[in-house]
Amino acid sequence: MKRRPLLEGLRTFLPGWRYRTGTGGSGSASYCYSVWLRHLCMAYQNGLYPNPPVIAELGPGDSLGIGLAALISGCEKYYALDLVKHAAPEKNLAIFDELVNLFKRKAPIPGNEELPHVEPKLDDYRFPADLLDEARMREALAPERLMRIRSSIMNLGQDNPVIQYKVPWYSCSAPERGSVDMIFSQAVLEHVDNLETSYQAMNAWLKPSGYFSHTIDFRCHETAAEWNGHWAYSDFTWRLIRGRRPYLLNREPHSTHIHMMAEAGFAIVCDKRIYAPAHLRRSQLARKFRNISDEDLVTCVAFIQGGKTRSGPVA
(Lines give C-alpha, C1' and ligand atoms only; values in the text may rest on other atoms or scores of the structure.)
Protein backbone atom coordinates (compact mmCIF):
# COMPACT_ATOMS: atom_id res chain seq x y z
CA MET A 1 0.00 0.00 0.00
CA LYS A 2 1.07 3.55 -0.72
CA ARG A 3 0.68 5.66 2.40
CA ARG A 4 -0.15 8.91 0.61
CA PRO A 5 -3.48 7.80 -1.00
CA LEU A 6 -4.74 6.60 2.37
CA LEU A 7 -3.76 9.86 4.08
CA GLU A 8 -5.39 11.89 1.31
CA GLY A 9 -8.59 9.93 1.73
CA LEU A 10 -8.60 10.28 5.51
CA ARG A 11 -8.03 14.02 5.19
CA THR A 12 -11.41 14.37 3.43
CA PHE A 13 -13.16 13.35 6.66
CA LEU A 14 -11.69 16.28 8.58
CA PRO A 15 -13.97 19.24 9.42
CA GLY A 16 -13.82 22.01 6.86
CA TRP A 17 -12.69 19.83 3.96
CA ARG A 18 -14.09 20.95 0.61
CA TYR A 19 -13.67 19.26 -2.74
CA ARG A 20 -11.55 21.35 -5.06
CA THR A 21 -12.49 21.17 -8.72
CA GLY A 22 -9.85 20.37 -11.28
CA THR A 23 -8.99 16.98 -12.70
CA GLY A 24 -5.34 17.55 -13.44
CA GLY A 25 -6.11 16.49 -17.00
CA SER A 26 -4.23 17.68 -20.02
CA GLY A 27 -4.69 21.23 -21.25
CA SER A 28 -2.62 20.46 -24.33
CA ALA A 29 -4.25 21.20 -27.68
CA SER A 30 -2.04 18.61 -29.38
CA TYR A 31 -3.29 15.94 -26.95
CA CYS A 32 -6.93 16.83 -27.62
CA TYR A 33 -6.32 16.96 -31.38
CA SER A 34 -4.63 13.56 -31.28
CA VAL A 35 -7.31 11.88 -29.15
CA TRP A 36 -10.19 13.10 -31.31
CA LEU A 37 -8.57 12.08 -34.58
CA ARG A 38 -7.64 8.69 -33.16
CA HIS A 39 -11.26 8.00 -32.21
CA LEU A 40 -12.38 9.23 -35.64
CA CYS A 41 -9.86 7.14 -37.58
CA MET A 42 -10.67 4.03 -35.58
CA ALA A 43 -14.39 4.53 -36.22
CA TYR A 44 -13.70 4.63 -39.95
CA GLN A 45 -11.48 1.56 -39.72
CA ASN A 46 -14.19 -0.36 -37.85
CA GLY A 47 -16.98 0.48 -40.29
CA LEU A 48 -18.71 3.09 -38.12
CA TYR A 49 -20.02 6.46 -39.31
CA PRO A 50 -16.82 8.54 -39.30
CA ASN A 51 -18.22 12.10 -39.30
CA PRO A 52 -20.98 12.29 -36.67
CA PRO A 53 -22.99 15.56 -36.60
CA VAL A 54 -24.00 15.31 -32.91
CA ILE A 55 -21.52 14.04 -30.33
CA ALA A 56 -21.48 13.58 -26.57
CA GLU A 57 -18.47 13.24 -24.28
CA LEU A 58 -18.53 11.72 -20.81
CA GLY A 59 -16.23 13.37 -18.29
CA PRO A 60 -14.39 16.07 -20.24
CA GLY A 61 -12.90 17.46 -17.01
CA ASP A 62 -10.90 20.69 -17.08
CA SER A 63 -10.61 20.82 -20.85
CA LEU A 64 -13.37 20.51 -23.43
CA GLY A 65 -10.59 20.27 -26.00
CA ILE A 66 -11.48 16.87 -27.46
CA GLY A 67 -15.04 18.01 -28.09
CA LEU A 68 -13.78 21.33 -29.46
CA ALA A 69 -11.54 19.42 -31.87
CA ALA A 70 -14.64 17.53 -33.01
CA LEU A 71 -16.56 20.75 -33.59
CA ILE A 72 -13.68 22.31 -35.51
CA SER A 73 -13.50 19.20 -37.71
CA GLY A 74 -17.14 19.66 -38.73
CA CYS A 75 -19.37 18.22 -36.01
CA GLU A 76 -22.41 20.39 -35.39
CA LYS A 77 -23.32 19.91 -31.72
CA TYR A 78 -21.37 18.82 -28.66
CA TYR A 79 -22.77 17.60 -25.32
CA ALA A 80 -20.14 17.83 -22.57
CA LEU A 81 -21.45 15.65 -19.72
CA ASP A 82 -19.67 15.76 -16.38
CA LEU A 83 -20.24 14.92 -12.73
CA VAL A 84 -18.51 18.00 -11.30
CA LYS A 85 -18.06 21.39 -12.93
CA HIS A 86 -14.40 21.71 -13.92
CA ALA A 87 -14.24 23.58 -17.23
CA ALA A 88 -13.60 27.32 -17.46
CA PRO A 89 -14.07 29.47 -20.61
CA GLU A 90 -10.64 31.14 -20.53
CA LYS A 91 -8.67 27.90 -20.63
CA ASN A 92 -10.86 26.43 -23.32
CA LEU A 93 -10.66 29.51 -25.53
CA ALA A 94 -6.87 29.20 -25.55
CA ILE A 95 -7.07 25.51 -26.44
CA PHE A 96 -9.64 26.29 -29.14
CA ASP A 97 -7.33 28.78 -30.85
CA GLU A 98 -4.46 26.28 -30.86
CA LEU A 99 -6.74 23.56 -32.24
CA VAL A 100 -7.90 25.81 -35.08
CA ASN A 101 -4.27 26.32 -36.05
CA LEU A 102 -3.60 22.57 -36.04
CA PHE A 103 -6.57 21.89 -38.31
CA LYS A 104 -5.68 24.75 -40.66
CA ARG A 105 -2.19 23.29 -41.02
CA LYS A 106 -3.58 19.76 -41.37
CA ALA A 107 -0.97 18.77 -38.86
CA PRO A 108 -0.10 15.08 -38.51
CA ILE A 109 -1.71 13.30 -35.59
CA PRO A 110 0.69 13.44 -32.61
CA GLY A 111 1.87 9.86 -32.18
CA ASN A 112 4.08 7.71 -30.01
CA GLU A 113 7.03 10.06 -29.84
CA GLU A 114 4.98 12.94 -28.40
CA LEU A 115 2.21 10.98 -26.67
CA PRO A 116 3.57 7.48 -25.97
CA HIS A 117 0.91 6.54 -23.41
CA VAL A 118 -2.20 7.65 -25.34
CA GLU A 119 -4.53 5.00 -26.72
CA PRO A 120 -5.63 3.88 -29.21
CA LYS A 121 -2.52 3.49 -31.29
CA LEU A 122 -2.83 4.02 -35.05
CA ASP A 123 -1.05 2.47 -38.02
CA ASP A 124 -0.89 5.83 -39.79
CA TYR A 125 -0.54 9.23 -38.08
CA ARG A 126 -0.92 11.40 -41.15
CA PHE A 127 -3.79 13.90 -41.18
CA PRO A 128 -6.88 11.89 -42.29
CA ALA A 129 -7.55 13.82 -45.51
CA ASP A 130 -9.81 11.04 -46.77
CA LEU A 131 -12.19 11.64 -43.83
CA LEU A 132 -11.71 15.40 -43.53
CA ASP A 133 -11.37 16.44 -47.16
CA GLU A 134 -10.84 19.92 -48.59
CA ALA A 135 -14.53 20.70 -49.00
CA ARG A 136 -15.42 19.62 -45.46
CA MET A 137 -12.56 21.51 -43.86
CA ARG A 138 -13.20 24.65 -45.89
CA GLU A 139 -16.76 24.72 -44.58
CA ALA A 140 -15.74 23.69 -41.05
CA LEU A 141 -13.12 26.44 -40.78
CA ALA A 142 -15.30 29.24 -42.14
CA PRO A 143 -14.73 32.35 -39.95
CA GLU A 144 -18.41 32.79 -39.07
CA ARG A 145 -18.65 29.15 -37.98
CA LEU A 146 -15.57 29.43 -35.77
CA MET A 147 -17.02 32.57 -34.19
CA ARG A 148 -20.19 30.64 -33.25
CA ILE A 149 -18.08 28.01 -31.51
CA ARG A 150 -16.07 30.69 -29.66
CA SER A 151 -19.30 32.32 -28.52
CA SER A 152 -20.53 28.98 -27.17
CA ILE A 153 -17.28 28.51 -25.22
CA MET A 154 -17.69 31.94 -23.62
CA ASN A 155 -21.22 31.02 -22.54
CA LEU A 156 -20.63 27.56 -21.06
CA GLY A 157 -23.54 26.27 -19.03
CA GLN A 158 -26.05 28.43 -20.87
CA ASP A 159 -28.44 27.03 -23.43
CA ASN A 160 -26.86 27.40 -26.84
CA PRO A 161 -27.09 25.39 -30.06
CA VAL A 162 -23.44 24.34 -30.29
CA ILE A 163 -22.13 23.31 -26.83
CA GLN A 164 -24.35 21.88 -24.12
CA TYR A 165 -22.34 21.68 -20.88
CA LYS A 166 -24.34 19.56 -18.41
CA VAL A 167 -23.22 19.20 -14.77
CA PRO A 168 -24.08 16.88 -13.13
CA TRP A 169 -25.26 15.13 -16.26
CA TYR A 170 -27.64 12.69 -14.54
CA SER A 171 -29.79 15.46 -13.03
CA CYS A 172 -29.85 17.73 -16.10
CA SER A 173 -31.84 17.58 -19.28
CA ALA A 174 -29.01 15.68 -20.94
CA PRO A 175 -29.25 14.58 -24.58
CA GLU A 176 -32.74 13.73 -25.76
CA ARG A 177 -33.47 10.10 -26.51
CA GLY A 178 -32.20 9.09 -29.93
CA SER A 179 -30.47 12.41 -30.64
CA VAL A 180 -26.73 11.60 -30.57
CA ASP A 181 -24.59 10.10 -33.32
CA MET A 182 -21.48 9.31 -31.26
CA ILE A 183 -20.64 9.07 -27.54
CA PHE A 184 -17.00 8.97 -26.52
CA SER A 185 -14.75 9.12 -23.47
CA GLN A 186 -11.03 9.05 -22.79
CA ALA A 187 -9.96 7.39 -19.54
CA VAL A 188 -13.24 8.24 -17.78
CA LEU A 189 -15.40 5.13 -17.41
CA GLU A 190 -13.05 3.68 -14.78
CA HIS A 191 -14.21 6.57 -12.55
CA VAL A 192 -17.99 6.11 -13.00
CA ASP A 193 -19.73 4.57 -9.99
CA ASN A 194 -23.01 3.46 -11.57
CA LEU A 195 -21.83 1.82 -14.76
CA GLU A 196 -25.08 -0.03 -15.43
CA THR A 197 -27.15 3.16 -15.43
CA SER A 198 -24.52 5.00 -17.47
CA TYR A 199 -24.42 2.42 -20.26
CA GLN A 200 -28.22 2.33 -20.36
CA ALA A 201 -28.28 6.13 -20.63
CA MET A 202 -25.79 6.02 -23.50
CA ASN A 203 -27.99 3.55 -25.34
CA ALA A 204 -31.00 5.81 -24.87
CA TRP A 205 -29.15 8.90 -26.14
CA LEU A 206 -27.83 7.29 -29.29
CA LYS A 207 -29.64 7.22 -32.60
CA PRO A 208 -30.27 3.73 -34.04
CA SER A 209 -27.20 4.22 -36.24
CA GLY A 210 -25.14 5.77 -33.43
CA TYR A 211 -22.04 4.33 -31.82
CA PHE A 212 -19.76 4.68 -28.81
CA SER A 213 -15.96 4.97 -28.62
CA HIS A 214 -14.26 4.58 -25.23
CA THR A 215 -10.73 4.29 -23.93
CA ILE A 216 -10.83 2.79 -20.42
CA ASP A 217 -7.82 2.77 -18.08
CA PHE A 218 -7.95 -0.04 -15.52
CA ARG A 219 -4.75 0.96 -13.71
CA CYS A 220 -4.61 2.09 -10.08
CA HIS A 221 -4.10 5.82 -10.81
CA GLU A 222 -1.35 6.22 -8.22
CA THR A 223 -3.35 4.57 -5.42
CA ALA A 224 -0.99 1.59 -5.10
CA ALA A 225 2.60 0.54 -5.73
CA GLU A 226 1.63 -1.92 -8.49
CA TRP A 227 -0.46 -0.85 -11.50
CA ASN A 228 -3.23 -3.27 -10.44
CA GLY A 229 -2.65 -2.93 -6.70
CA HIS A 230 -6.06 -1.30 -6.18
CA TRP A 231 -7.51 -4.80 -6.52
CA ALA A 232 -5.63 -5.82 -3.37
CA TYR A 233 -7.56 -3.43 -1.12
CA SER A 234 -10.60 -4.54 0.84
CA ASP A 235 -13.82 -2.56 0.38
CA PHE A 236 -13.27 -0.95 3.78
CA THR A 237 -9.73 0.18 2.94
CA TRP A 238 -10.91 1.46 -0.42
CA ARG A 239 -13.65 3.52 1.24
CA LEU A 240 -10.98 5.16 3.39
CA ILE A 241 -8.79 5.88 0.34
CA ARG A 242 -11.69 7.40 -1.57
CA GLY A 243 -12.95 9.34 1.44
CA ARG A 244 -15.62 11.92 0.71
CA ARG A 245 -14.50 12.63 -2.84
CA PRO A 246 -17.32 12.54 -5.40
CA TYR A 247 -15.45 9.96 -7.48
CA LEU A 248 -12.20 8.02 -7.62
CA LEU A 249 -12.16 4.56 -9.26
CA ASN A 250 -14.89 1.96 -9.56
CA ARG A 251 -12.22 -0.81 -9.71
CA GLU A 252 -14.28 -2.80 -12.23
CA PRO A 253 -12.21 -4.95 -14.62
CA HIS A 254 -12.51 -5.14 -18.38
CA SER A 255 -15.00 -8.05 -18.44
CA THR A 256 -17.49 -6.10 -16.30
CA HIS A 257 -17.63 -3.30 -18.86
CA ILE A 258 -18.06 -5.76 -21.72
CA HIS A 259 -20.90 -7.50 -19.89
CA MET A 260 -22.68 -4.23 -19.05
CA MET A 261 -22.35 -2.96 -22.60
CA ALA A 262 -24.06 -6.11 -23.86
CA GLU A 263 -26.77 -5.89 -21.20
CA ALA A 264 -27.45 -2.26 -22.19
CA GLY A 265 -28.02 -3.26 -25.80
CA PHE A 266 -24.68 -2.73 -27.50
CA ALA A 267 -22.76 -4.83 -30.00
CA ILE A 268 -18.98 -4.48 -29.78
CA VAL A 269 -17.07 -4.12 -33.05
CA CYS A 270 -13.62 -3.32 -31.60
CA ASP A 271 -12.05 -4.42 -28.32
CA LYS A 272 -8.39 -3.50 -28.41
CA ARG A 273 -6.68 -4.46 -25.16
CA ILE A 274 -3.31 -3.43 -23.75
CA TYR A 275 -1.66 -5.85 -21.35
CA ALA A 276 0.80 -5.39 -18.51
CA PRO A 277 2.45 -7.98 -16.24
CA ALA A 278 0.54 -8.75 -13.05
CA HIS A 279 3.14 -8.87 -10.30
CA LEU A 280 0.58 -9.52 -7.56
CA ARG A 281 -0.23 -13.12 -6.63
CA ARG A 282 -3.90 -14.08 -6.43
CA SER A 283 -3.48 -14.63 -2.71
CA GLN A 284 -2.61 -10.92 -2.41
CA LEU A 285 -5.86 -9.77 -4.05
CA ALA A 286 -8.88 -8.75 -2.01
CA ARG A 287 -11.48 -11.49 -1.71
CA LYS A 288 -13.88 -9.84 -4.20
CA PHE A 289 -11.16 -9.85 -6.89
CA ARG A 290 -9.52 -13.18 -6.16
CA ASN A 291 -11.47 -14.98 -8.89
CA ILE A 292 -10.79 -12.34 -11.52
CA SER A 293 -9.98 -13.92 -14.90
CA ASP A 294 -6.38 -14.27 -16.02
CA GLU A 295 -7.04 -11.84 -18.87
CA ASP A 296 -8.69 -9.24 -16.65
CA LEU A 297 -5.74 -9.44 -14.29
CA VAL A 298 -3.33 -8.26 -17.01
CA THR A 299 -5.61 -5.91 -19.00
CA CYS A 300 -4.49 -2.40 -18.09
CA VAL A 301 -6.18 -0.40 -20.88
CA ALA A 302 -8.86 -1.12 -23.47
CA PHE A 303 -10.17 0.77 -26.48
CA ILE A 304 -13.73 -0.31 -27.23
CA GLN A 305 -16.11 0.75 -29.99
CA GLY A 306 -19.59 -0.52 -30.77
CA GLY A 307 -23.10 0.28 -31.86
CA LYS A 308 -26.66 -0.35 -30.80
CA THR A 309 -28.32 -3.73 -31.22
CA ARG A 310 -31.61 -2.63 -29.62
CA SER A 311 -33.24 0.33 -27.93
CA GLY A 312 -32.64 -0.57 -24.32
CA PRO A 313 -31.41 -3.05 -21.70
CA VAL A 314 -32.46 -6.63 -21.46
CA ALA A 315 -35.76 -6.94 -19.55
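Considering the conditions (1) aliphatic (A, V, I, L, M); (2) within 17 Å of the chain's Cα centre (by Cα); (3) surrounded by 21 or more Cβ atoms within 10 Å (Cβ to Cβ); (4) part of a loop (DSSP other than H, G, I, E, B), L40 is excluded by exactly one of them, (4). If the condition is being open to solvent by less than 20 Å² (accessible area, probe 1.4 Å) and over 20 Å from N92 (Cβ atoms), then the range 184-198 contributes L189, E190, L195, S198. Quick check on Y78: is it open to solvent by 10 Å² or more (accessible area, probe 1.4 Å) and either touching a residue at least 40 places away in the same chain (Cβ under 8 Å) or assigned to a loop (DSSP other than H, G, I, E, B) (or both)? Judged against the criteria, Y78 is not a match. A residue that is out of contact with any Cys (no Cβ under 8 Å at 6 or more places or on another chain), in contact (Cβ under 8 Å) with a residue 60 or more places away in the chain and assigned to a strand (DSSP E or B) cannot be found anywhere in the range 233-250. State whether the residues of the range 182-203 include one that is touching a helix residue (DSSP H, G or I) at 6+ places or on another chain (Cβ under 7 Å) and closer than 11 Å to Y79 by Cα. Within the range 182-203, one or more residues are touching a helix residue (DSSP H, G or I) at 6+ places or on another chain (Cβ under 7 Å) and closer than 11 Å to Y79 by Cα.
Does A276 count as in contact with a helix residue (DSSP H, G or I) (Cβ under 7 Å, 6 or more places away or on another chain) and not hydroxyl-bearing (S, T, Y)?
So A276 passes the test.
Of all positions in the range 295-311, at least one carries a residue that is among the aromatic types (F, W, Y), open to solvent by less than 10 Å² (accessible area, probe 1.4 Å), more than 25 Å from V167 (Cα to Cα) and modelled with pLDDT of 95 or more.
Please verify whether R281 is farther than 16 Å from H214 by Cα, modelled with pLDDT of 95 or more and basic (K, R), treating the condition exactly as stated. When the stated conditions are applied, R281 does not pass them. Only one of the listed residues (A225, A278) is buried (at least 19 other Cβ atoms within 10 Å of the Cβ), over 22 Å from the mean Cα position of the chain (by Cα) and hydrophobic (A, V, I, L, M, F, W, C). That residue is A278.
The values are calculated or read from the model by the stated rules, or taken from the named source; none is laboratory data. Note that this is a predicted model, so its numbers are computed, not measured. Virtual Cβ from ideal backbone geometry, glycine too; neighbours counted across all protein chains shown. Keep in mind that these areas ignore ligands, DNA and RNA; they rest on the heavy atoms of the full protein, side chains included. Shrake-Rupley method; radii C 1.70, N 1.55, O 1.52, S 1.80 Å.
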